[in-house]
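Step one of this worksheet: look at the structure below.
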Number of protein chains: 2
Amino acid sequence: MTLHWTPLAHDGAARAGVLHTAHGTVETPVFMPVGTAGTVKAMTADAVRATGARMVLGNTYHLMLRPGAERVARLGGLHRFMDWRGPILTDSGGFQVMSLAGLRTMDEEGVTFRSHVDGAKHRLTPERSVEIQRLLGADVTMCFDECTPFPATEEQVATSMRLSMRWAKRSRAAYEAREGHGLFGIVQGGVHPALRAESVAALTEIGFEGYAVGGLAVGEGQAAMFATLDCTTPLLPQEAPRYLMGVGTPADILGAVRRGIDMFDCVIPTRSGRTARAYTSRGMLNLRNARHAEDPSPLDPACGCPACTRHSRAYLHHLIKAEEMLGPMLLTWHNIQYYQDLMRGLRIAICEGRLDEHAAALEAGWAPLREENDG
Amino acid sequence: MTLHWTPLAHDGAARAGVLHTAHGTVETPVFMPVGTAGTVKAMTADAVRATGARMVLGNTYHLMLRPGAERVARLGGLHRFMDWRGPILTDSGGFQVMSLAGLRTMDEEGVTFRSHVDGAKHRLTPERSVEIQRLLGADVTMCFDECTPFPATEEQVATSMRLSMRWAKRSRAAYEAREGHGLFGIVQGGVHPALRAESVAALTEIGFEGYAVGGLAVGEGQAAMFATLDCTTPLLPQEAPRYLMGVGTPADILGAVRRGIDMFDCVIPTRSGRTARAYTSRGMLNLRNARHAEDPSPLDPACGCPACTRHSRAYLHHLIKAEEMLGPMLLTWHNIQYYQDLMRGLRIAICEGRLDEHAAALEAGWAPLREENDG
């Protein structure tokens, strides 16, 4: 049987369910830590597992450039390469081609670009992107799409979305079905309800194992993102998993879960961990700040990760100031743990039919604190 | 009872025994990973424990500058600060004052210097060094000594050694005895047997819970180091633990254990791990080298660490090339594991009276490979 999702419970538009994959089952809503280049930055695979994470994301763009998709395949695939035994979702490379690569030229067939690593010329098409993701061994393959720049006129967004829909059809044709694996289409259309509806219609006409909402969290703001979800998720098939790409803060995720999203990925918890910021049940802390220098209390008393159970805020502050690698290691671990605990709490609240109450408690906890760097 | 050492077995000049401390027992010969600034670089305390390490070293110089000894004391001491439940040995700061600090001026009383962190002026004397180590909560406190430059004339070495012996007396006087804690004297005298003998006589006259051999591994070469040990260790009290400071490679440690040394510390395994070098049962590898790029075999099939049991050499090479933090993390873990396994093997061989045979097997394993960076 192909990769599929079964519902467990609904609470308003929010859904709890189970994603069935070739590498095991995953409870949704789920947050997938980002393992860009074959590693969730600053964490061992054992540590990622210990947080409760069951599914991670790999980046086609990074892995095709280094070490190369064919090399990963010869070494037994990405699961073995990075020692990840759960499912892996790979993106299509489209987003990074736009954000990282040099000298891009785009045509109807695909994109030619230069590697940000060594300047070598590469080409990505829907067919090659799907092939790379097969070589990596992805459980979930994403359609190759164009990442529409933001801001853009409605006409630019429409043109870009329609190209992505033609590429989605080619991605579907290039994809070889395998047991427990699946291909996700990506809804585009910016913040324009009519374009989003047109995109959903095009994708559901083709048919996919899951549907992603792309082109959000690119600068439009949380209100516009939520408004776009409000007009998009009701159009998506009830029986398929829904993935909001590249989102987001804990508050973004909470709002999107309440609008019917099942899957998330984002670099925020890992990147923040490397820049001294910690997400907690009491809001966001910046451990670089001097007020933590002699604070013996734990980062988050509600958290069971090693940063919180073994050490004080003063120690974490010291590691950051001394530029010790253990600082980013512990803060990344904490942030991934926080995100996993957040998702587990949301799943339980949906199953128990008390998501509104749970959301209010989360928001009250976050409210007091959003600490910026004071030095 | 004060910190003390009990013998278990002898094999030639080599000794196996147990060091009894306020934070538990430690089997010797022991290698202490270096936790410079309150962290064994690139490792969690749990990971350090998992390698079998039972005792670590902290640096007085680094910790007095940042976060400050009084602050560590207010936070409950170094054990709690870095979450290390076993014993900790702290150095005296003398070595780093010479190698890292700026604008040093030395007099009979002590050394004034500027911090390499922020340029602030500091002063270390035997009394202040011992006080700092007490504030940190060290199980083993080291006497404050002068780190003699190398090369130096015999007269310079003699003058420096005699100053260190006067400082050793002051360190002893400043030290407050506590249950399970101890103060170690440091034998100086460069590569000159008569000066080493004079230094041992001066220290044993004062009396310490253990004796370190200092001023080696500073450029004199392995043969001169071993020759110095050959004329020094027979003079040391049989009943006290012996510590060779800042040593060394696996071959250095093997040679020193055979000459009666019980304790070691060195940055080699951690620093090498951060520069892509791995010590293994088959010699030293440089994982940066292109020949590892597609090698599916483990770093060291004889090792049980995560780098060796979970991943291929190809993956480790990839992490290094991609400058992923997990590369240094895994190689550091492996190197510390290798050093701990090395010490355990030596302890067992001494207890079983087959150290010569064991040493020959180790040396045969290391012989084929000492791989330098080829790009």
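The values are calculated or read from the model by the stated rules, or taken from the named source; none is laboratory data. Bear in mind the structure is a predicted one, so any value in this text is a computation, not a measurement. Glycine also receives a Cβ, built like all others from the backbone with ideal geometry; neighbour counts cover every protein chain displayed. What goes into the accessible areas is simple: the full protein's heavy atoms, side chains included, and nothing from ligands, DNA or RNA. Shrake-Rupley method; radii C 1.70, N 1.55, O 1.52, S 1.80 Å.
Go over the candidates A:Ala290, A:Ala307 one by one and state the one that is more than 18 Å from B:His79 (Cβ to Cβ) and modelled with pLDDT of 95 or more. Walk me through it before giving the result.
Values: A:Ala307 fails: more than 18 Å from B:His79 (Cβ to Cβ).
When all the criteria are applied, what remains is A:Ala290.
Need pairs with beta-carbon distance below 7 Å; first residue free of Cβ contacts under 8 Å to residues at least 60 places away in the same chain and within segment A:177-202, second open to solvent by 60 Å² or more (accessible area, probe 1.4 Å) and not in a strand (DSSP E or B); sequence gap 6+ or separate chains.
Every condition considered, the pairs that remain are A:Gly189/A:Glu198; A:His192/A:Glu154; A:Ala197/A:Leu235; A:Val200/A:Leu235.
Got at least one residue in segment B:93-100 being of a type in the set (S, T, N, Q), open to solvent by 10 Å² or more (accessible area, probe 1.4 Å) and more than 11 Å from chain A (Cβ to nearest Cβ)? Write out each step before concluding.
Residues of segment B:93-100 of a type in the set (S, T, N, Q): B:96, B:99.
Applying the additional criterion that residues be open to solvent by 10 Å² or more (accessible area, probe 1.4 Å) yields B:96, B:99.
If we keep only those that are more than 11 Å from chain A (Cβ to nearest Cβ) too, we end up with B:96, B:99.
Yes: segment B:93-100 contains one or more residues that are of a type in the set (S, T, N, Q), open to solvent by 10 Å² or more (accessible area, probe 1.4 Å) and more than 11 Å from chain A (Cβ to nearest Cβ).
Exactly one condition in (1) in contact with a strand residue (DSSP E or B) (Cβ under 8 Å, 6 or more places away or on another chain); (2) over 20 Å from B:Arg71 (Cα atoms); (3) open to solvent by less than 60 Å² (accessible area, probe 1.4 Å) is not met by A:Gly345; state its number.
A:Gly345 satisfies all of (1) in contact with a strand residue (DSSP E or B) (Cβ under 8 Å, 6 or more places away or on another chain); (2) over 20 Å from B:Arg71 (Cα atoms); (3) open to solvent by less than 60 Å² (accessible area, probe 1.4 Å) except (1).
Please work out which one of (1) over 19 Å from A:Ser272 (Cα atoms); (2) in contact with a Leu (Cβ under 8 Å, 6 or more places away or on another chain); (3) part of a helix (DSSP H, G or I); (4) not hydrophobic (A, V, I, L, M, F, W, C) is the condition A:Asp356 fails and give its number.
(2)
Which residue pairs have Cβ atoms under 7 Å apart, sit 6 or more places apart or on different chains, and have a first residue in segment B:99-113 that is in a loop (DSSP other than H, G, I, E, B) and a second that is among the basic types (Lys, Arg) and modelled with pLDDT of 90 or more?
As it stands, the answer is B:Ala101/B:Arg114; B:Gly110/B:Arg123, since those pairs meet every condition given.
Going by the conditions given, is A:Pro234 assigned to a helix (DSSP H, G or I) and open to solvent by 40 Å² or more (accessible area, probe 1.4 Å)?
Values: assigned to a helix (DSSP H, G or I): yes; open to solvent by 40 Å² or more (accessible area, probe 1.4 Å): yes.
Here the answer is yes, as A:Pro234 does meet what is asked.
Just to be sure, is A:Val34 within 14 Å of chain B (Cβ to nearest Cβ), over 24 Å from B:Pro296 (Cβ atoms) and in contact with a helix residue (DSSP H, G or I) (Cβ under 7 Å, 6 or more places away or on another chain)? Let's see the steps before the verdict.
Numbers: within 14 Å of chain B (Cβ to nearest Cβ): yes; over 24 Å from B:Pro296 (Cβ atoms): yes; in contact with a helix residue (DSSP H, G or I) (Cβ under 7 Å, 6 or more places away or on another chain): yes.
So A:Val34 passes the test.
For residues that are surrounded by fewer than 22 Cβ atoms within 10 Å (Cβ to Cβ) and either at the interface with chain B (Cβ under 10 Å from one of its Cβ atoms) or over 29 Å from the mean Cα position of the chain (by Cα) (or both), tally how many sit in segment A:284-311.
10
Across segment B:48-104, what is the total count of residues that are at pLDDT below 95 and of a type in the set (D, E, K, R)?
1
Please enumerate the residues belonging to segment A:173-228 that are assigned to a loop (DSSP other than H, G, I, E, B) and of a type in the set (D, E, K, R). Reasoning before the result, please.
First, the residues of segment A:173-228 that are assigned to a loop (DSSP other than H, G, I, E, B): A:175-181, A:188-192, A:207-209, A:214-221.
Those that are assigned to a loop (DSSP other than H, G, I, E, B) and of a type in the set (D, E, K, R): A:Glu176, A:Arg178, A:Glu179, A:Glu209, A:Glu220.
Matching residues to (1) touching a residue at least 40 places away in the same chain (Cβ under 8 Å); (2) aliphatic (A, V, I, L, M); (3) not in a strand (DSSP E or B):
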| position | (1), (2), (3) |
| --- | --- |
| B:Leu285 | yes, yes, no |
| B:Pro296 | no, no, yes |
| B:Pro301 | no, no, yes |
| B:Ala307 | no, yes, yes |
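With the checklist (1) in contact with a His (Cβ under 9 Å, 6 or more places away or on another chain); (2) in a strand (DSSP E or B); (3) crowded, with 19+ Cβ neighbours inside 10 Å in hand, flag the one item B:Gly86 doesn't pass.
(2)
Restricting segment B:1-31 to residues that are crowded, with 22+ Cβ neighbours inside 10 Å and among the polar types (S, T, N, Q), which is nearest to the other protein chains (Cβ to nearest Cβ)?
B:Thr21
In segment B:65-77, how many are of a type in the set (A, V, I, L, M), surrounded by fewer than 24 Cβ atoms within 10 Å (Cβ to Cβ) and part of a helix (DSSP H, G or I)?
First pass over segment B:65-77, keeping only residues of a type in the set (A, V, I, L, M): B:65, B:69, B:72-73, B:75.
Filter once more, so that each one left must be surrounded by fewer than 24 Cβ atoms within 10 Å (Cβ to Cβ): B:65, B:69, B:73, B:75.
Of the ones still in play, those that are also part of a helix (DSSP H, G or I) are B:65, B:69, B:73.
Going through segment B:65-77 one residue at a time, the tally reaches 3.
Looking only at segment A:38-55, count how many residues are in a loop (DSSP other than H, G, I, E, B), closer than 15 Å to A:His79 by Cβ and either open to solvent by 10 Å² or more (accessible area, probe 1.4 Å) or within 7 Å of chain B (Cβ to nearest Cβ) (or both). Reasoning before the result, please.
Taking segment A:38-55 first, the residues in a loop (DSSP other than H, G, I, E, B) are A:38-44, A:51-55.
Then keep just the ones that are closer than 15 Å to A:His79 by Cβ; that gives A:38-40, A:53-55.
Filter again for either open to solvent by 10 Å² or more (accessible area, probe 1.4 Å) or within 7 Å of chain B (Cβ to nearest Cβ) (or both), leaving A:38-39, A:54.
So the count comes out to 3.
If we keep just the residues of segment A:183-219 that are of a type in the set (Asp, Glu) and buried (at least 17 other Cβ atoms within 10 Å of the Cβ), which is farthest from A:Ser164 (Cα to Cα)?
Here is the first cut: in segment A:183-219, the ones of a type in the set (Asp, Glu) are A:198, A:205, A:209.
Restricting the remaining residues to those that are buried (at least 17 other Cβ atoms within 10 Å of the Cβ) gives A:198, A:209.
Numbers: A:Glu198: 12, A:Glu209: 17 Å.
Across segment A:183-219, the extreme among qualifying residues is A:Glu209.
Could you list all residues from segment B:320-333 that are more than 7 Å from chain A (Cβ to nearest Cβ), open to solvent by less than 10 Å² (accessible area, probe 1.4 Å) and either at pLDDT below 95 or in contact with a Leu (Cβ under 6 Å, 6 or more places away or on another chain) (or both)?
Scanning segment B:320-333 gives a single hit, B:Gly327.
So how many residues does segment B:142-156 have that are surrounded by fewer than 22 Cβ atoms within 10 Å (Cβ to Cβ) and either among the aliphatic types (A, V, I, L, M) or not in a loop (DSSP other than H, G, I, E, B) (or both)?
Qualifying residue count, segment B:142-156: 4.
If you go through segment B:122-141 one residue at a time, do you hit one that is part of a strand (DSSP E or B), crowded, with 16+ Cβ neighbours inside 10 Å, without any contact (Cβ under 8 Å) to a residue 24 or more places away in the chain and out of contact with any helix residue (DSSP H, G or I) (no Cβ under 9 Å at 6 or more places or on another chain)? First the steps, then the outcome.
Narrowing segment B:122-141 to residues part of a strand (DSSP E or B): B:122-124, B:140-141.
So of that shortlist, the ones also crowded, with 16+ Cβ neighbours inside 10 Å come out as B:122, B:124, B:140-141.
When the remaining residues are screened for being without any contact (Cβ under 8 Å) to a residue 24 or more places away in the chain, the result is none.
Checked against the condition, which is being part of a strand (DSSP E or B), crowded, with 16+ Cβ neighbours inside 10 Å, without any contact (Cβ under 8 Å) to a residue 24 or more places away in the chain and out of contact with any helix residue (DSSP H, G or I) (no Cβ under 9 Å at 6 or more places or on another chain), segment B:122-141 yields no hits at all.
If we keep just the residues of segment B:252-280 that are in a loop (DSSP other than H, G, I, E, B) and either at pLDDT below 95 or aliphatic (A, V, I, L, M) (or both), which is nearest to B:Gly327 (Cα to Cα)? Steps first, answer last, please.
Restricting attention to segment B:252-280, the residues satisfying the condition of being in a loop (DSSP other than H, G, I, E, B) are B:258-262, B:267, B:275-276.
Now drop any that are not either at pLDDT below 95 or aliphatic (A, V, I, L, M) (or both), which leaves B:261, B:267, B:276.
Details: B:Ile261: 33, B:Val267: 17, B:Ala276: 8 Å.
Looking at the filtered set, the residue picked out is B:Ala276.
Go through segment A:60-83 and give me each residue that's more than 10 Å from chain B (Cβ to nearest Cβ) and in contact with a Gly (Cβ under 8 Å, 6 or more places away or on another chain).
A:Thr60, A:Tyr61, A:Met64, A:Ala73, A:Gly77, A:Leu78, A:His79
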